[in-house]
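J.: Can you keep this structure in mind? I'll have questions shortly.
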Amino acid sequence: MAELVKLTIDGRTIESEKGTLLIEAARQNGIEIPAFCYYEGLTLQAACRMCLVEVEKTPKLQVGCTLPVAEGMVVHTDSPVVRQSRKGMVEFLLTNHPLDCPVCDKGGECELQDMAFRYGVGESRFLERKVHTDEKQWSPVVFFDAPRCILCYRCVRICDEGIGVKALGVANRGVVAEIVPNHHDHLECDECGACIDICPVGALTSGIYRYQTRPWEMEHVGTICTHCSDGCRTTLGVRNGKIMRGNNRDRSGINGEFLCVKGRYGFDFIEHPERLQSPMMRVGDSFEPISWAAAAEEISRRFKAVKERGGKFGIIGSNHTTNEENYFLAKFARQGLGTNNIDHHRTGDLATFFDALSGRNDALATTADLYSASAVLIVGNDLSQQHPFLAYQARANVRHHQAHIYTVTSGPVREDNYSVGSAANVEDLRDKLKSEKDLVIVFGDSVQGDALRKLVAFGDSLGIPVKYVCLVDYSNSRGAFDMGVVPRDGGMSIDQMLAAPDLDVLWVVGANPLKRGSLSAENAFVVVQDLFLTETARRADIVLPAASAYEKSGTVTNVCGEVQKLKQALKVMGAKTDLEIFGLIAKEMKLNLGIWLPDKVFEEIRKNVRGYNVPLPVVATGGAAPTLPLNGHVAALPGVIQSAGDTLFTSGSLSKYSKILNAVMEAPGGLYEGSKER
Amino acid sequence: MALYNEPSPLETRIVSKRFGLPNSASLDTYLATDGFVAFRKAREMAPEQIIEEVKASSLRGRGGAGFPTGLKWSFVPRTSPKPKYIIVNADESEPGTCKDRLLMEYDPHQLIEGILIASLAVDAHKGYIYIRGEYRYLIDMMDKAIAEAYAKGYLGKNIAGTGWDFDLYTHSGAGAYECGEETALLDSLEGKRGVPRMKPPFPAVAGAWASPTLLNNVETYSAVPYIIREGGKAFADLGTPKNGGTRLVCISGHVNKPGVYELPLGFPMMKAINEVAGGIPHGRKLKAVVPGGSSCPFLRAEECDIPMDYDTLAKLGSMLGSGGMVVMDETTDMVKVALRVMRFYAHESCGWCIPCREGTTWLRKILQRMVDGGGRREDVAMLGELSKNMLGRTFCALGDAAAMPTISIVEKFAEDFEKYIVPEAVLV
């Protein structure tokens, strides 16, 4: 426990940790000291002067955001002189700020409006001409309206300190000083939009959201991003059944307000015109729409026939569908169809990972551990490209706790900028790591099988507490493995299924194995559940339109094994959730697989799946519940394990159908070659 | 080298003693006139003794703030394992001030010797002279002097055979008044945008490249060789108690003989105007005086019968500042003066903090409107009120520097605003 000091704020005696900034000490005790430039977690600026307060025995007003509390300090945050000072600041700010609130995106959730309301005066004394410059577009997602800018430098700092990109700076001086992008008239960056969300006014606006809606017209739905496996919470603003924006300004979830370009903008695939809206059956070389009932009947008939004659099923699950769907699909395969031929696109060697760490209670790192560990070792992954939130956590750790980052990658990565220098060889690295207090090792798909066991042995040799993250690609890659969508007990892996000439049924749920591979069994009956007519769906006999993660409830498990709840934001006409589709087919086949409601299935998961007996209230209230460590042997699985090597701007077929992810100049084929790490 | 102005017999020439000598900027002239005597003496002294001597001189910073120099030197942790830097603030930008340029032009080696003595006091081996961008020609002159010092063994390794090493460089500013503020200067020196830093930490502890840094004005360093050579007390005795030594006063405006004059502290202001600077032309009457650069509150004529020292000016609510004294006669229109001053500050505000960025421009626009014929009675009070909303609330002293003269003009010269008040002012 740090040393406490006693001070008085507005006549109240409070205790606060020594060294706490006055503005924070006041906030912790329910006393608001207003500020624009002060932002928790970012460097101090003392530029906006809104937080000036009176401290007894000092001649001038003091800056609340940079002043550490001290024993015996007597502070007045609401005295006449402080009130007058704030009034003056708001008045200064409004001199050149356009009063276009009625059409400004930020209207209603603008900090300058709030400050003017609370601390400002009702009328303007400014008679002069305002400084005006025209609005600029810096990228498809970032627009800048300089006159609205109050120069709090939050955007500059979040881009530099938070994201590690440094794409924003300041040009000119005095009243014409303005924020500028890194490439003269445009941005070349992560396009994450963090600068837009952190802007207290409407100076930075989002290309997809601007002039579309008023904030209060939207319903705000907190759910989990469906792209990479980091499990960021994104709060979707929904109006009239359309997602208007994604952000996480309420800092709910493990990611605080961090989101990357995919989490903030990459939801527009749901309204792509090529989205499937009706079940379809192959007739010759083309597809004919059919009813759900007819589709279920046909599938049931074909499945039953194959099952009765002991034919060969191949089932490929998804790493984007929910735990409930994955669990139900695995159950459908094993109990309903009597097959172990079930797999999904595996992107990390989780089987060896759990086996090597079996019985250890504190070897699985959570996303929070990346922020608190004294050292992080990144092996074989371009973290900023493939796991932007994990990279953000590590960066914040360096910034706030002076953590040490070590990188072992085949090419340069952004983390090199923060790393404590490279090691000459393994022994050198070992010596360096031995002096750390604790360590998190994050590794990519190149570490599998024996290499993974060797990495754990290396961790054991350090003599310090070590936790691990086995990186996987997609929003529920981890859940697909945990729920048993894997070829256990002699089942066939994806490559084996595709290669088997005698495969009778291939059932693909939210996956696109035929994008690269080809199906050997020419006569196989192929059923595909997907959002789009993918390469695989084109080969199908029956295609069923599935709902995306934003259109369903359930749970997903992120790369660190944290279970979180999806909340349905909207419904898209024609599509059904995969769970509903499974239920429909099961019903038609008269299989008794239990009730197919997400909550009921989750109950079953908590009882039956190892590690998933997580506290229900945590998950139900939108928290992240880490799965429990496993104890016991986990058998190795056949088949290939390979990451798709997505970048910040790709996400399998979802990104292919996202207009915005393809519009930015950093998109595939644009500025960058793509990720260096596979 | 010809002098810019004729010296006055009333001067006490200490730092300017070589001004006007033939080839005064050459090292030979410098060595022939007590040059590097002080450095050799200081080399024999303990660092604490050097600092004590500077303290005894009661020398105060000549850049404007007037902080006791010896005290500042004592703040530098000389045992720190980090490199320590000597920085010279030659960003002379205060309107009315033109003395540092003469010190560099006429006597650069005195500055170099002062820097070297400071380096002994704080155990530094590297120094930078940050010269304002507009002083292009001075950078060349200073570079020439530095090259000469290197060539003759007064910079570099084993200086003057004493075993002391020191490297000195010039660095050009890019034309920002703000970079005369010491922390903005450091950011600019490091290649960043010139905006002030938060204090603490003060530069003495974490200055250039986060290392202990001693940062003083050109004139401050230039006074050091005399102090060490003749003793701190000798320097202190030139002035009045607590206001030691002499300083260069730059007298401009409505005087017959404008120029830079070295006067002891405590020298009577009226004597400086009427005798040193030759009085006001055409027999006109004095109206106002800017005592130490445009940042200082203006004085009315009747306030000017005072000795020029830090304490007396402080009592009057003004400052001795950087020594830029501007004399204004009875024909001066103080509203236009206020506008000219505010145009400067609005142009130079770095934009970092809200009150300075918005306030200076707003004040400029109000004054411009008044001068253009759109003045209203309430504008006068508003000028004062807006200035007070800036005063003491800005990030650095630039906001204060803009507010203080404006407040003094509004309060002391209210009658000048009358003719600009148009009852039926039509506002565009």
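J.: Name the long-range amide H neighbours of A:THR339: under 5 Å, sequence gap of 5 or more, or other chain; modelled H, no Pro or chain starts.
T.: The answer is A:ARG334.
J.: Zone of A:ASP78 (label point 7 Å along Cα→Cβ, backbone N under 16 Å): which residues in the stretch A:5-31?
T.: A:8-14, A:26-31
J.: Classify chain A as rounded, prolate or oblate, taking a ≥ b ≥ c as the square roots of the eigenvalues of its Cα gyration tensor: rounded when a/c is under 1.5, otherwise prolate if a/b is larger than b/c and oblate if not. If you can, show how the numbers build up before the last one.
T.: On the way: a/c = 2.16, a/b = 1.62, b/c = 1.33.
Because a/c hits 1.5 or more and a/b exceeds b/c, chain A counts as prolate.
J.: Same structure, new question: Check the straight Cα-Cα distances from A:LYS454 and name the aspartates and glutamates below 15 Å, setting aside those fewer than 8 residues away within the same chain.
T.: A:ASP349, A:ASP355, A:GLU427, A:ASP445
J.: Of the cross-linked pairs B:LYS82/B:LYS192; B:LYS41/B:LYS257; A:LYS304/A:LYS565; A:LYS552/A:LYS659; A:LYS437/B:LYS199, which ones have a Cα-Cα span greater than 31 Å in the structure shown?
T.: Flagged as over cut-off: B:LYS41/B:LYS257; A:LYS304/A:LYS565; A:LYS437/B:LYS199.
J.: Structure shown: which of A:LYS18/A:LYS467; A:LYS262/A:LYS607; A:LYS312/A:LYS590; A:LYS166/A:LYS242; B:LYS242/B:LYS271; A:LYS6/B:LYS315 lie over 26 Å apart, alpha-carbon to alpha-carbon? Intermediate values should be presented prior to the final figure.
T.: Details: A:LYS18/A:LYS467 32 Å; A:LYS262/A:LYS607 34 Å; A:LYS312/A:LYS590 20 Å; A:LYS166/A:LYS242 33 Å; B:LYS242/B:LYS271 21 Å; A:LYS6/B:LYS315 37 Å.
Correct reply: A:LYS18/A:LYS467; A:LYS262/A:LYS607; A:LYS166/A:LYS242; A:LYS6/B:LYS315.
J.: If you don't mind, there's one more thing I want to ask. With angles folded into 0 to 90 degrees, how steeply does helix B:136-151 sit against the dominant principal axis of chain B? Use alpha carbons for both and round to 10.
T.: Once rounded, one gets 10 degrees.
J.: A follow-up question, please. For the stretch A:99-207, restrict the atom set to alpha-carbon positions and state the Rg and Dmax in Å.
T.: When restricted to the Cα atoms of the stretch A:99-207, Rg and Dmax are 14.3, 42 Å.
J.: If you average over every viewing direction, what projected area does the convex hull of the Cα atoms of the stretch A:50-111 give, in nm²? Let's see the in-between values first.
T.: Numbers: hull surface 22.6 nm².
Approximately 5.7 nm², given one-decimal rounding.
J.: Please figure out what share of the DSSP beta bridges in the protein assembly as shown is antiparallel and state it in percent, rounded to the nearest 5. Intermediate results must be reported in sequence, preceding the final value.
T.: Working: 62 of 120 bridges.
In the protein assembly as shown, approximately 50 percent of DSSP beta bridges are antiparallel ones.
J.: Work out how much length A:ASP438 to A:ASN29 would gain on full extension: take 0.36 nm times their residue separation and subtract the Cα-Cα distance, in nm to one decimal.
T.: Values: separation 409, 0.36 × 409 = 147.24 nm, distance 3.37 nm.
That pair, A:ASP438 and A:ASN29, stretches by 143.9 nm at full extension.
J.: List every residue whose amide H lies under 5 Å from the amide H of A:GLY222, counting only residues 5 or more places away in sequence or on a different chain, with H placed 1.01 Å from N in the peptide plane.
T.: Here the answer is A:LEU236, since their amide H atoms fall under 5 Å of that of A:GLY222.
J.: If we count other beta carbons within 10 Å of each Cβ, what is the order of A:HIS320, B:HIS109, B:HIS125, fewest first? Walk me through the numbers before you get to the answer.
T.: Values: A:HIS320 30, B:HIS109 26, B:HIS125 13.
Least crowded to most crowded, the residues run B:HIS125, B:HIS109, A:HIS320.
J.: Quick one: what are the phi-derived ³J(HN,Hα) couplings along the stretch A:661-668, Karplus 6.51/-1.76/1.60 with θ = phi - 60°, whole Hz, x for glycine and proline?
T.: Per residue, the Karplus-derived 3J(HN,Hα) values read 5, 8, 7, 6, 6, 8, 4, x Hz.
J.: Now a separate question. What ranking of A:ILE342, B:ILE117 emerges when the number of other C-beta atoms within 10 Å of each C-beta is taken as an exposure proxy, fewest first?
T.: Working: A:ILE342 30, B:ILE117 26.
With the sparsest Cβ surroundings first, the list reads B:ILE117, A:ILE342.
J.: Any chance you could give the angle, 0 to 90 degrees and rounded to 10, that helix A:292-308 forms with the longest Cα principal axis of chain A?
T.: 50
J.: Here is a follow-up. Counting only DSSP beta bridges with both residues in chain B, tell me the antiparallel percent, nearest 5. Spell out each step's value before the answer.
T.: Working: 17 of 39 bridges.
Around 45 percent antiparallel, to the nearest 5.
J.: For chain B, what does the alpha-carbon gyration tensor say about shape, rounded, prolate or oblate, given a ≥ b ≥ c as the root eigenvalues, a/c under 1.5 as rounded, and a/b over b/c as prolate? Mind dumping the intermediate values first?
T.: Numbers: a/c = 2.13, a/b = 1.57, b/c = 1.36.
Taking the square roots of the gyration eigenvalues as a ≥ b ≥ c, chain B is prolate.
J.: Now for a separate question. Enter the angle in degrees (range 0 to 90, nearest 10) between the Cα long axis of helix B:47-56 and the first principal axis of the Cα atoms of chain B, meaning the one along which they spread out most.
T.: Rounded to the nearest ten degrees, it is 40.
J.: Which value, in debye to the nearest 20, gives the size of the charge dipole of the stretch A:102-169 about its Cα centre, when Lys and Arg are +1 and Asp and Glu are -1 at the Cβ?
T.: Numbers: 10 positive and 11 negative charges, 35 e Å.
For the stretch A:102-169, the charge dipole is close to 160 debye.
J.: Order these by the 10 Å Cβ neighbour count, fewest first: A:HIS97, A:HIS220, A:HIS387. Please list the in-between numbers first.
T.: Values: A:HIS97 23, A:HIS220 14, A:HIS387 29.
Fewest-to-most Cβ neighbours within 10 Å comes out as A:HIS220, A:HIS97, A:HIS387.
J.: Using R₀ = 60 Å, calculate the FRET efficiency as 1/(1 + (r/R₀)^6) where r is the Cβ-Cβ separation of A:LYS590 and A:LEU44; round to 0.05. Working shown, then result.
T.: Details: r = 67 Å, r/R0 = 1.12.
Efficiency, rounded to the nearest 0.05: 0.35.
J.: Same structure again: What do you get for Rg/Rh over the stretch B:246-329 if you use C-alpha atoms and the Kirkwood form of Rh? Let's see the in-between values first.
T.: On the way: Rg = 11.2 Å, Rh = 12.2 Å.
Taking Rg over the Kirkwood Rh, I get 0.91.
J.: Oh, and also: For the pair A:LYS454 and B:GLU424, how long in nm is the line joining their label points, each one 7 Å along Cα→Cβ?
T.: Using points 7 Å along Cα→Cβ, the separation is 9.5 nm.
J.: Would the stretch A:273-363 count as rounded, prolate or oblate if I go by the C-alpha gyration tensor, calling it rounded below 1.5 in a/c and otherwise prolate when a/b exceeds b/c, oblate otherwise? Before the final figure, lay out each step's value.
T.: Values: a/c = 2.90, a/b = 1.80, b/c = 1.61.
Taking the square roots of the gyration eigenvalues as a ≥ b ≥ c, the stretch A:273-363 is prolate.
J.: Enumerate the amide H contacts of A:THR555 below 5 Å, restricted to partners 5 or more residues apart or on another chain; note that Pro and chain-start residues carry no placed amide H.
T.: A:ASN323, A:GLU324, A:LEU566
J.: A further question follows. So for chain B, averaging the separation of alpha carbon pairs under 8 Å that are six or more residues apart and normalising by length, what relative contact order in percent results?
T.: Values: 891 pairs, mean separation 71.6, N = 428.
Worked out over chain B, it gives 17 percent.
J.: Sticking with this structure for a sec: Between A:ARG118 and A:SER291, what is 0.36 nm times their sequence separation minus the Cα-Cα distance? Round to one decimal in nm. Intermediate values should be presented prior to the final figure.
T.: Numbers: separation 173, 0.36 × 173 = 62.28 nm, distance 5.81 nm.
Net length gain for the segment: 56.5 nm.
Where a number appears in this text, it was derived from the coordinates with a stated rule and is not lab data. Predicted model only: the values in this text are computed from it and were never measured. All Cβ positions, even for glycine, are placed from backbone atoms using ideal geometry, and neighbour counts span all protein chains on display.
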